[in-house]
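Below is one structure, written out as structure tokens; the observations come after it.
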Amino acid sequence: MDLAALRALKPQDYSEAADGYRSVSEMASASKDRLESKIAVFMKESLKGEAASAAIEQLLELGKNFHYIQVECGLVSTALEAFAYEMEAVKRKLGAALADAQAARLTVNADGSVTYPPGGEKSEGGTVTGLTDATASAVGRQAANIDPDPHRRLAQDCADLIATALREASEADAKWAPKLGALKADDDLTVSDRDWSDAATDVKGVQAAGTEYLSSLPQPPKNGDPQANAEWWRGLDAEQQAAWLSVRPETVGALDGLPSTARNEANRMVLAEAHGVAQVEYEAWLKKHPEPTRFQPYTDPATGIVMKGVNVETQDWKKWEEARKEAHKPLDGMNAIQKRFDATGTNGLPEAYLLGFSTDGDGRAIIANGNPDTADHQAVYVPGTTSDLGNIDGNINRMVNVWRAADDEADGKSVSTITWLGYDAPDSVVKDAPFSHYAYDGAPAFNHFLDGLSASHSDPSEPHRTVIAHSYGSTLVGAAAQTGHLHASDVVFAGSPGVRVSRADEMDVSKGHVWNEEADKDPVPDIGRWGHGGDRFVIPSDQEFGANQMATDTEGHSGYWDNHSQSLRNQALVVVGKREEVALKPPPDPWAHVK
């Protein structure tokens, strides 16, 4: 970039262009939301049949197009804003040099060199060229210092500053031109997984190039306090919020205390890009590992006779299929989350909010049915052993069932039910679940999340909040109460092996607000009760623990959320605060052993 171009450049023009792209991004976001949460919902409620289903599916696909436009235009906006920010700094540097030259009556030439007038009898004046190399610049200044003409030193300083400004302008132009050029979609109407994979690359590119601009923005609190996070977000203007959302969505989506709408927008961007990357990686895996022959004729091991017409799966295929399922596992979880988004409006199901998402390790996901920021009643569910992103669908469905049951009992008040997979759950009942560190490692994050629900709630008064914990999830909730403050009104345990405390009054809620369910043929409470060494432990199912023992009509360790069951309805009654209607188990007969 030469001096004339830099003089003519107006950073404000790029900032205004950024505003335009941001407006397009916001319009695309609003269009996506209208399609998904209003138009498609209305069609689900009023139209039936194959044609209606096909039309709804097409609308949801169109919504994905708007989502892609939102993300890409948001990136363009932030890239332009970052370029304008850098060029504004360069322009200030150039302006200072030109002002100094004018004040000293120096002449700035078209190539950026500076001509100075004679400054004494032995000086004829001269022209100096700007130096940006540190060593050369030092030598130039030294020469200027010993020159008898006092104008030369000032001329050299002005020329160096001009040269530095020109160099920085050229570097910014060279850096941002390819980044902006990459922010374009394929020439078709389909937003593919490869498009989203490219979008993930675009985000990283703008992140790297825009470090200076992003560092100039107000930064999130370092201690992660939800109330401080909320105040930080409220203190940002629209441009700053848009920049954080578009370039650091993973940061915004992970901050407890921010509005659920903002976290949802951020995490859905992360989800879409992660799905694109995972799909491309899965397709590459399939190419690298072609499917072997699946079936072969069965050979009777006793006789060695090949049984015609009887085929069995080969060992090679079984191993391949196991590896393929493992490679596809992240996509299973992401598809389950998207399926929940697409189900909005089905039989009155409210909009879903993605309050947390990550593919690191076994993955993390926090999904709300209904906006918790406006809900009168909130329920937060913590799943147990073997829970991870790949099998999140079952845990999502449990909280869908709780929402439907609680909504039926809520007398018109609003309900939000949340699946919180925000910790690394044990992978194995035998190998991992006996260890408590999974619970204590996850407890701080859970307490922060509950505090964040209070910080982001739109009503100054506290909503009624119920924590529901299953299996090892109850151990985490107990650890959260033991090591911090459990920000909840009621606690419900289901199939608990133990909660790290021995009495209900240690659970940070009022007396009578701890509930427990133990179904017939659920082995987990007994495993916890007797431990792994034969010692007796007090668990929530024991009378001496002090929990309200709710009646159950389901069997096994996973049936507590079966539709239309008493086990589910009892949880729903607790969620909406109807404690007096909960069906309790009759107390044990103290004389049963002598009958």
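In the set His532, His485, His513, His593, which member is closer than 19 Å to Thr466 by Cα, at pLDDT below 95 and either aromatic (Phe, Trp, Tyr) or open to solvent by 20 Å² or more (accessible area, probe 1.4 Å) (or both)? The match here is His485. Note on segment 488-497: residues that are touching a residue at least 40 places away in the same chain (Cβ under 8 Å), of a type outside the set (Phe, Trp, Tyr) and open to solvent by less than 10 Å² (accessible area, probe 1.4 Å) amount to 5. No other residue among Pro292, Pro297 is assigned to a loop (DSSP other than H, G, I, E, B) and not polar (S, T, N, Q) apart from Pro292.
When segment 240-254 is filtered for residues that are of a type outside the set (Asp, Glu), open to solvent by 10 Å² or more (accessible area, probe 1.4 Å) and over 17 Å from Ala28 (Cα atoms), the ones remaining, listed by number, are Gln240, Trp244, Arg248, Thr251, Ala254.
State yes or no: is Ala480 in contact with a Ser or Thr (Cβ under 6 Å, 6 or more places away or on another chain), crowded, with 24+ Cβ neighbours inside 10 Å and farther than 21 Å from Ala406 by Cβ? So Ala480 fails the test. When the residues of segment 303-317 are filtered to those that are open to solvent by 90 Å² or more (accessible area, probe 1.4 Å) and of a type outside the set (S, T, N, Q), the one that is farthest from the chain's Cα centre (by Cα) is Ile305. Residues of segment 557-590 that are surrounded by fewer than 12 Cβ atoms within 10 Å (Cβ to Cβ), free of Cβ contacts under 8 Å to residues at least 24 places away in the same chain and not charged (D, E, K, R): His564, Pro586, Pro590.
Checked against (1) open to solvent by 30 Å² or more (accessible area, probe 1.4 Å); (2) part of a loop (DSSP other than H, G, I, E, B), Asp522 passes all but condition (1). Would a scan of segment 111-127 turn up a residue that is free of Cβ contacts under 8 Å to residues at least 40 places away in the same chain, in a helix (DSSP H, G or I) and more than 21 Å from Ala172 (Cβ to Cβ)? Within segment 111-127 (the criterion being free of Cβ contacts under 8 Å to residues at least 40 places away in the same chain, in a helix (DSSP H, G or I) and more than 21 Å from Ala172 (Cβ to Cβ)), the answer is no, since none of the residues qualifies. Scanning segment 300-354 for residues that are of a type in the set (S, T, N, Q) and outside any strand (DSSP E or B) yields Thr303, Thr314, Gln315, Asn335, Gln338, Thr344, Thr346, Asn347.
Return the total of residues in segment 543-556 being assigned to a loop (DSSP other than H, G, I, E, B) and either surrounded by 18 or more Cβ atoms within 10 Å (Cβ to Cβ) or in contact with a Phe, Trp or Tyr (Cβ under 6 Å, 6 or more places away or on another chain) (or both). Even if it seems obvious, please write down each step before you answer.
At the first step, the residues of segment 543-556 found to be assigned to a loop (DSSP other than H, G, I, E, B) are 546-547, 551-554, 556.
Next, from what is left, pick out any that are either surrounded by 18 or more Cβ atoms within 10 Å (Cβ to Cβ) or in contact with a Phe, Trp or Tyr (Cβ under 6 Å, 6 or more places away or on another chain) (or both): 546-547, 552, 554.
Count: 4.
From Ala79, Ala138, Ala134, grab the single residue that is modelled with pLDDT of 85 or more and not β-branched (Val, Ile, Thr).
Values: Ala138 fails: modelled with pLDDT of 85 or more; Ala134 fails: modelled with pLDDT of 85 or more.
Testing whether each residue is modelled with pLDDT of 85 or more and not β-branched (Val, Ile, Thr) leaves just Ala79.
In segment 165-179, the qualifying residues are those that are buried (at least 19 other Cβ atoms within 10 Å of the Cβ) and not acidic (Asp, Glu), and the one that is modelled with the lowest pLDDT is Lys179.
Just need a number here: residues in segment 32-84 that are of a type in the set (Asp, Glu) and open to solvent by 40 Å² or more (accessible area, probe 1.4 Å). Give the steps one after another, and end with the answer.
Filtering segment 32-84 down to residues of a type in the set (Asp, Glu) leaves 33, 36, 45, 50, 57, 61, 72, 81.
Filter once more, so that each one left must be open to solvent by 40 Å² or more (accessible area, probe 1.4 Å): 33, 45, 50, 57, 61.
Number satisfying all stated conditions: 5.
Please determine, by comparing only the residues of segment 401-447 that are of a type in the set (A, V, I, L, M), buried (at least 16 other Cβ atoms within 10 Å of the Cβ) and out of contact with any strand residue (DSSP E or B) (no Cβ under 6 Å at 6 or more places or on another chain), which one is modelled with the lowest pLDDT. Here the answer is Ala433. Among the residues of segment 367-388, those that are buried (at least 23 other Cβ atoms within 10 Å of the Cβ) and out of contact with any Ser or Thr (no Cβ under 6 Å at 6 or more places or on another chain) comprise His377, Val380, Val382, Pro383, Ser387.
Taken together, Tyr381, Tyr353 contain a single residue that is of a type in the set (Ser, Thr, Tyr), closer than 27 Å to Asp408 by Cα and in contact with a His (Cβ under 8 Å, 6 or more places away or on another chain), which is Tyr381. If you go through segment 213-258 and pick out every residue that is touching a helix residue (DSSP H, G or I) at 6+ places or on another chain (Cβ under 6 Å) and touching a residue at least 24 places away in the same chain (Cβ under 8 Å), you end up with 19.
Does Thr483 satisfy the condition of being of a type in the set (Val, Ile, Thr) and more than 22 Å from the chain's Cα centre (by Cα)? Give the derivation first.
On the way: of a type in the set (Val, Ile, Thr): yes; more than 22 Å from the chain's Cα centre (by Cα): yes.
In short, yes.
When you look at Ala284, is it at negative phi, aliphatic (A, V, I, L, M), free of Cβ contacts under 8 Å to residues at least 12 places away in the same chain and assigned to a loop (DSSP other than H, G, I, E, B), yes or no? When the stated conditions are applied, Ala284 does not pass them.
Here's the yes/no breakdown for (1) surrounded by 18 or more Cβ atoms within 10 Å (Cβ to Cβ); (2) in a helix (DSSP H, G or I):
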{"site": "Arg194", "(1), (2)": "no, yes"}
{"site": "Asp198", "(1), (2)": "yes, yes"}
{"site": "Thr201", "(1), (2)": "no, yes"}
{"site": "Gln227", "(1), (2)": "no, yes"}
{"site": "Asp256", "(1), (2)": "yes, no"}
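Among the residues of segment 458-471, not a single one is in contact (Cβ under 8 Å) with a residue 24 or more places away in the chain, part of a helix (DSSP H, G or I) and surrounded by 24 or more Cβ atoms within 10 Å (Cβ to Cβ). If you filter segment 99-131 down to residues that are under 52 Å from the mean Cα position of the chain (by Cα) and open to solvent by 40 Å² or more (accessible area, probe 1.4 Å), you find that the one that is nearest to Glu239 (Cα to Cα) is Ala99.
The values are calculated or read from the model by the stated rules, or taken from the named source; none is laboratory data. Since we're looking at a predicted model, the values are computed, not measured. So basically every Cβ, Gly included, is an ideal-geometry build from the backbone, and we count neighbours across all protein chains shown. Keep in mind that these areas ignore ligands, DNA and RNA; they rest on the heavy atoms of the full protein, side chains included. Shrake-Rupley method; radii C 1.70, N 1.55, O 1.52, S 1.80 Å.
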